[in-house]
Amino acid sequence: MLEPPAPTILSLGELLVEVMREDIGVPLSEPGRFVGPFASGAPAIFAHTAGQLGASVGFVGVCGNDVFGFECVNKLQQAGVNISHIRTSNGYQTGTAFVSYKQDGSRQFFFHLRHSAAALLSENDIDPLWFGHCRWLHVTGSSLTLSDAAKNACHAAIRRAKKAGATISFDPNLRLELLPLPEIQRLCEPMLDLADVIMPSGREAALMLGMEELLDSDDETAARALLRRGVKMVVLKQGARGCRVFTEDGAQHVPSILVSEVDPTGAGDAFAAGFAVARLEGLPLETSARFANVTGALSVTTRGVMEAAITRAEVESYL
């Protein structure tokens, strides 16, 4: 049986399931109803969405030999993702995240991740043959925080992808529930030199730079500071407002579409997938940002982002 061709878009990192509060305003510390589990993990959502959009995409990661792991792998496979480099561990469980939604729209997370199978990712999982065909590699800050071995795997993947001439995108995806902010900043700082495209949301640009003095400024000030730091392109995710793209040629705001939000978790990862797919296909920068906005918006219309049946035709209908 012939092996499928090596993917052109790759991501790596955590596989997990999310279990979320059914009702808004019920903290995780109190008894209440949950819904799920839903297959998740920031880099896995990226891969899943890119696969749904018809891209040649593969994922590298580790899951447990359990029902949660099987669900994650099945979701990726159903989206057309190459899962041949997902490793199963018999001694560790698939990661979990419990999520509650506050009245102001913010979220509370409780992770079982750093001691899960996901944290076993290592440089040995980085296949030089796979990465030799890579044209776009997506890395998230949450993957860097899993373990030292996972961080080293991400950097090994970046080295291989750069050697192949791939574009490196980075989503800070700051999760203070995983590590203290100073430690996250230390892990993210090298990505300022390694990434071609950085996709922060909210105040992540300022936090990633360690420039707390910019937290009271508008997010665009921090995004421009990233450019001055040497980043080639900053795509500032602005939720329902769309995004603003910063390059040395200037900044451009691209609006999103209006949808009925059900679950915002993972929208930024779906956005990043849409942007990567569009850019690799040679679409103009503004069109790529619009494509990403639509992809991210459609992802919030269901509980569990991998439950959203996003299709290429649906995304294109809004362009």
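The values are calculated or read from the model by the stated rules, or taken from the named source; none is laboratory data. What you see is a predicted model; the values in this text were computed from it and never measured. Note that we place each Cβ from the backbone using ideal geometry, even for glycine, and neighbour counts take in every protein chain shown.
In region 90-109, which residue that is among the aromatic types (Phe, Trp, Tyr) and either at pLDDT 80 or above or exposed (fewer than 14 other Cβ atoms within 10 Å of the Cβ) (or both) is nearest to residue 61 (Cα to Cα)?
Step by step, filter region 90-109, then rank; the result is 92.
Quick one: is residue 11 of a type in the set (S, T, N, Q) and surrounded by 24 or more Cβ atoms within 10 Å (Cβ to Cβ)?
Answer is yes for this residue.
Checking the structure you have, find out if any residue of region 18-37 is farther than 28 Å from residue 314 by Cα, touching a helix residue (DSSP H, G or I) at 6+ places or on another chain (Cβ under 8 Å) and among the charged types (D, E, K, R).
The answer is no; no qualifying residue exists.
What pairs come out if I take residues in region 15-28 that are on the phi > 0 side of the Ramachandran plot and pair them with residues that are surrounded by 17 or more Cβ atoms within 10 Å (Cβ to Cβ) and not basic (Lys, Arg) whose C-beta lies under 9 Å away, six or more apart or interchain?
25/100; 25/101
In region 134-163, what residues are touching a strand residue (DSSP E or B) at 6+ places or on another chain (Cβ under 9 Å) and farther than 17 Å from residue 185 by Cβ?
134, 135, 136, 137, 138, 150, 153, 157, 158, 160, 161, 162, listed by residue number.
Looking only at region 167-190, count every residue that is touching a Leu at 6+ places or on another chain (Cβ under 8 Å) and free of Cβ contacts under 8 Å to residues at least 60 places away in the same chain and tell me the total.
Within region 167-190, residues that are touching a Leu at 6+ places or on another chain (Cβ under 8 Å) and free of Cβ contacts under 8 Å to residues at least 60 places away in the same chain number 10.
Which of the residues belonging to region 144-166 are touching a Gly at 6+ places or on another chain (Cβ under 8 Å), hydrophobic (A, V, I, L, M, F, W, C) and free of Cβ contacts under 8 Å to residues at least 40 places away in the same chain?
Hit for region 144-166 is 164, nothing else.
Which ranges mark the helices (runs of 4 or more DSSP H) fully within region 210-317 that have 3 or more residues being at pLDDT 95 or above?
267-280, 285-299
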